[in-house]
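The values are calculated or read from the model by the stated rules, or taken from the named source; none is laboratory data. Quantities reported herein were computed from a predicted structural model and do not represent experimental measurements. Because the Cβ atoms are built from the backbone with ideal geometry, glycine has one as well, and the counts that use them run over all protein chains shown. SASA here: full protein model, heavy atoms, side chains in, ligands and nucleic acids out. Shrake-Rupley method; radii C 1.70, N 1.55, O 1.52, S 1.80 Å.
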Amino acid sequence: MANDAPFKHNSKMMNRLDLTTRLVGKLKNDEAVIGGIGNSNFDLWNAGPRAQNFYMLGSMGLAAPIAFGVALAQPQRRVFALEGDGSLLMQLGCLATIANVAPKNLTIIVWDNAMYQITGSQKTASAGKADFVEIARGAGLAQSAWANDEADFERLIDATLAGDGPWFIAARIDGSTPKGQTPREPVAIKDNFMRGIAIKPA
Amino acid sequence: MATSDTPKVEKWHEAVIRALKDNEVRLVVYVPDNVLRPLIDAITTDDYFTSFITAREEEALGIVCGAAMSGLKGIVLMQTSGFATLPNVLASLAVAAQIPALLMISERGTLGDFQIAQAIVCRTMRPVLESLGMEHHTISRLDEAHFIADRTIKQAYKTQAPAALILSPLLTAAGRPGNTPGS
């Protein structure tokens, strides 16, 4: 599905599964990844199950706060939140909280297809005037950037793996539908995640 | 008049802090409430705790759930109206995934509160907790405060379930000279 919404930046329209796969491919140190509700966590699942992934099934908007909690508890582990544009719009206040506490090991990634894709492709505010990088910067997240293309996305991920955060990355994505969905097994998801990050015995 | 020989009487917020420390609950995330002010003031000036304010209770619960899964015990402080924003997050995250997130709710809207909005929303709190099947206890007496808080925290972690501690005005307003239910 084409996304012909006017954007206030020049980044290339990319693909969520492709970018998620590129991200996961760079994770060599058991980094934690929190996938937000719906397509964000479905494509995290489709990029290949990892024990360090938490697939959030409900609680729309809380991928970044959950990732923030993981980052606080385990400051030596790098943590990524994958969130959709509609989800992030539900909980914009968390960006200001994260900016003020400034966890060095946290990266928030927003997949922006300018629509509530899973509920019928209704337009989000980012189809209009909202710009997530400007919002993040305004909240106090100075290290915020649009990924201009796939190579730029990879460069930004490399930067988050090498330096101190918090980081915020926005990627303009298309309307591709995930090929598979995460099993709805919240207790198993939690237990696998806790084993993956060494809280429960393997 | 107190002298150096008079045993110091523990205040309610000191009993709560003792229960938090006894159970290594080091993360305290809060949305402010005037009744909770002595507790918030004490926690935010105590290096034992990692403590900060959030914009919204949902966000705070997400942070505490993430921390609880990752080895850091945490609690969310809020007032009654803040709890009313949480049923979806409790149902779909903490209850569904069996995460021992702890809530501490300053009970507003009862026993003389002057705000009708607080009074109405207060009536929804316990029915929501019951509907979610969540363990919840109301602390109304100072001599029970540590016991209830301590045992509730321990059970939450032993049973992998969220739990709520409700602070009654019987506890938090007692002994406050000229106390008027506040904002």
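How much length, in nm to one decimal, is gained on full extension between residue A:185 and residue A:21, taken as 0.36 nm per residue of separation minus their Cα-Cα distance? Walk me through the numbers on the way to the answer.
Details: separation 164, 0.36 × 164 = 59.04 nm, distance 2.26 nm.
Going from the current span to full extension adds 56.8 nm.
Once R0 is set to 41 Å, what does the formula 1/(1 + (r/R0)^6) return for the Cβ-Cβ distance between residue A:29 and residue B:131, expressed as a FRET efficiency to the nearest 0.05?
Details: r = 42 Å, r/R0 = 1.03.
Efficiency, from the Cβ-Cβ distance: 0.45.
Hey, how many Å between the Cα centroid of the stretch B:38-52 and the Cα centroid of the stretch A:96-119?
If you average the Cα positions of each part, the centres end up 27 Å apart.
Just read off the accessible area of residue A:42 with the full protein assembly in place, 1.4 Å probe, to the nearest 10 Å².
10 Å²
Which helices, taking whole DSSP H runs in chain B, have alpha carbons extending 20 angstrom or more along the helix axis plus mean Kyte-Doolittle at least -1.0?
Details: long enough: B:116-131 (24 Å, 0.63); B:142-159 (26 Å, -0.62).
The answer, listed by residue number, is B:116-131, B:142-159.
Express the relative contact order of chain B as a whole percentage, based on alpha carbon pairs under 8 Å and six or more residues apart in sequence. Provide the component values of the computation, followed by the final result.
On the way: 309 pairs, mean separation 43.4, N = 183.
24 percent.
If amide H atoms are built 1.01 Å from N in the plane of the peptide, which residues on other chains or at least 5 residues away come under 5 Å of the amide H of residue B:139?
Distant-sequence amide H within range of residue B:139: B:166, B:167, B:168.
Could I have the simple spin-label model distance between residue B:9 and residue A:151, label points 7 Å from Cα toward Cβ, reported in nm to one decimal?
Output for this residue pair reads 7.4 nm.
For the full complex of protein chains and a 1.4 angstrom probe, list B:80, B:45 by accessible area with the highest value first.
Values: B:80 0, B:45 110 Å².
Heavy-atom accessible area, descending, gives B:45, B:80.
Keeping all protein chains in place and using 1.4 angstrom, which order do A:45, A:167 fall into by accessible surface area, from largest down?
Details: A:45 80, A:167 40 Å².
The ranking, largest first, comes out as A:45, A:167.
Take the alpha carbon gyration tensor of the stretch A:76-131, find the square roots of its eigenvalues, order them as a ≥ b ≥ c, and report rounded if a/c is under 1.5; if not, report prolate when a/b exceeds b/c, else oblate.
Working: a/c = 3.14, a/b = 1.98, b/c = 1.59.
Prolate.
Of all the accessible heavy-atom surface of the stretch A:16-196, with the other protein chains kept in place and a 1.4 Å probe, what percent is carbon and sulfur? Present the calculation step by step, with values, prior to reporting the outcome.
Numbers: 3190 of 6340 Å².
About 50 percent, which is the carbon plus sulfur part of the accessible surface.
Taking 25 Å as the cut-off for C-alpha to C-alpha distance, list the pairs among A:28/A:200; A:179/A:200; A:26/B:158; A:123/A:190; A:12/A:104 that go past it. Intermediate results must be reported in sequence, preceding the final value.
Numbers: A:28/A:200 21 Å; A:179/A:200 31 Å; A:26/B:158 37 Å; A:123/A:190 32 Å; A:12/A:104 28 Å.
Flagged as over cut-off: A:179/A:200; A:26/B:158; A:123/A:190; A:12/A:104.
May I ask for the net charge around residue B:148, where only other residues with Cβ less than 15 Å from the Cβ of residue B:148 are counted and Lys, Arg are +1 while Asp, Glu are -1?
Working: positive: B:18, B:141, B:151, B:154; negative: B:10, B:14, B:22, B:107, B:135, B:143, B:144, B:150.
Overall, the nearby charge balance is -4.
Accessible area, 1.4 Å probe, largest first: how do A:77, B:123 sort?
Values: A:77 40, B:123 165 Å².
Largest to smallest exposure gives the sequence B:123, A:77.
Springs between alpha-carbon atoms under 10 Å, Gaussian network over chain B: tell me which of B:162, B:127, B:100 tops the mean-square fluctuations.
Comparing B:162, B:127, B:100 in a Gaussian network model of chain B, the most mobile one is B:127.
If I stretch the segment between residue A:13 and residue A:119 completely, what's the gain in nm (0.36 nm per residue apart, minus their alpha carbon distance), one decimal?
Details: separation 106, 0.36 × 106 = 38.16 nm, distance 2.10 nm.
Length gained, residue A:13 through residue A:119: 36.1 nm.
Can you give me the solvent accessible area of residue B:76 with a 1.4 Å probe, rounded to the nearest 10 Å²?
0 Å²
Once A and B are treated as a pair rather than alone, how much accessible area drops out, both sides summed, in Å² to 100, probe 1.4 Å?
Working: alone 8810 and 9060 Å², together 15900 Å².
For chain A against chain B, roughly 2000 Å² becomes buried.
Taking Cα centroids, how far is the stretch A:16-84 from the stretch B:94-127 in Å?
31 Å
With a/c under 1.5 counting as rounded, go ahead and sort the stretch A:13-82 into rounded, prolate or oblate using the C-alpha gyration tensor (a ≥ b ≥ c being the square roots of the eigenvalues; past the cut-off, prolate if a/b is larger than b/c, else oblate).
Values: a/c = 1.89, a/b = 1.17, b/c = 1.61.
Taking the square roots of the gyration eigenvalues as a ≥ b ≥ c, the stretch A:13-82 is oblate.
Between residue B:85 and residue A:129, take the C-beta separation as r, use R0 = 22 Å, and let me know the FRET efficiency to the nearest 0.05.
Values: r = 27 Å, r/R0 = 1.21.
Taking R0 as 22 Å, the efficiency between residue B:85 and residue A:129 is 0.25.
Using 10 Å bins from zero, what percent of all Cα-Cα pairs in the protein assembly as shown falls into each bin?
Taking every Cα pair in the protein assembly as shown, the percentages come to 5, 24, 31, 22, 12, 5, 1, 0.
For the stretch B:130-177, just say rounded, prolate or oblate: build the C-alpha gyration tensor, square-root its eigenvalues into a ≥ b ≥ c, call rounded for a/c under 1.5, and beyond that prolate if a/b exceeds b/c, oblate if not.
Details: a/c = 4.07, a/b = 1.91, b/c = 2.13.
Oblate shape, in that a/c is at least 1.5 and b/c is the bigger or equal ratio.
Take the stretch A:16-196, compute every pairwise Cα distance, and split them into 5 Å bins from 0; I just need the percent in each bin.
Going out from 0 Å in 5 Å bins, the stretch A:16-196 shows 1, 9, 19, 24, 23, 16, 7, 1, 0 percent.
Under 5 Å between amide H atoms, partner at least 5 residues away or on a different chain: which partners does residue A:34 have, H built in plane at 1.01 Å?
A:54, A:80, A:81, A:82
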